[in-house]
Amino acid sequence: MKKIRMTVSGRVQGVGFRYMTKMVADQIGIAGIVRNEDDGSVYIEAVGPSDKIDAFIAAVKRSPSPSGKVDACRLEEDADIENYISFRVTN
């Protein structure tokens with residue numbers, strides 16, 4: 001099981017990015033959360049098998065929202081992230 005946190009910046013707020021990220025996570029089979037941050041970025045925690053996490057990361061970097069654009073993605077593994085049972089949009 002791989003656990004990651006991502007902070008994505010670019011045109012990622014006001015374009016349906018969080019809801020499209022949830023759709024992608026649900027399709028791939030990833031659990032976690034996605035939320036907007038005050039600085040205009042989007043924060044994601046994701047938990048799942050390594051190959052599915054890798055596919056999820058690639059999809060997020062391409063921007064799951066057609067009108068979104070990812071300029072930067074900060075990514076780190078963190079074993080302390082909780083074991084989510086589903087993927088949800090917070091805030």
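The values are calculated or read from the model by the stated rules, or taken from the named source; none is laboratory data. Worth saying up front: this structure is predicted, and the values here are computed from it rather than measured. Here the Cβ positions follow ideal geometry from the backbone for every residue, glycine too, while neighbour counts run over all protein chains shown. Areas reflect the complete protein model, heavy atoms only, side chains present, ligands, DNA and RNA absent. Shrake-Rupley method; radii C 1.70, N 1.55, O 1.52, S 1.80 Å.
Per DSSP H run of n ≥ 4, the term is -39500 (n - 2.57); total these for the chain, divide by its residue number, and report the mean residue ellipticity at 222 nm rounded to 500 deg cm²/dmol.
Computed ellipticity for the chain at 222 nm equals -8000 deg cm²/dmol.
As I understand it, the value is the acute angle between the Cα axis of helix 17-28 and the longest principal axis of the Cα atoms of the chain; what does it come to in degrees, rounded to 10?
Helix 17-28 sits roughly 30 degrees off the main axis of the chain.
Return the carbon/sulfur percentage of the accessible area of the chain, one whole number, probe 1.4 Å, all protein chains in place.
Values: 2320 of 4920 Å².
With neighbouring chains kept in place, the figure for the chain is 47 percent.
Taking the simple approach of a point 7 Å from Cα along Cα-to-Cβ for both Asp51 and Ser86, what is their distance in nm?
Roughly 2.7 nm, to one decimal.
What's the angle, to the nearest 10 degrees (0 to 90), between helix 50-61's Cα axis and the longest principal axis of the chain?
So the helix axis and the longest Cα principal axis differ by about 0 degrees.
Pull up the cross-link candidates among the aspartates and glutamates for Lys22, meaning alpha carbon to alpha carbon under 15 Å and not fewer than 8 places away within one chain.
Lys22 reaches Glu45.
Under the rule a/c < 1.5 gives rounded, and otherwise a/b versus b/c splits prolate from oblate, where does the chain land using the Cα gyration tensor?
Since a/c reaches 1.5 and a/b is larger than b/c, the shape of the chain is classed as prolate.
Which whole-number percent is the relative contact order of the chain (Cα, under 8 Å, 6+ apart)?
Computed over the chain, the figure is 47 percent.
Just add up the charged neighbours of Lys2: K/R +1, D/E -1, any other residue whose Cβ is under 12 Å from the Cβ of Lys2.
That sum, taken over residues with Cβ under 12 Å, equals -3.
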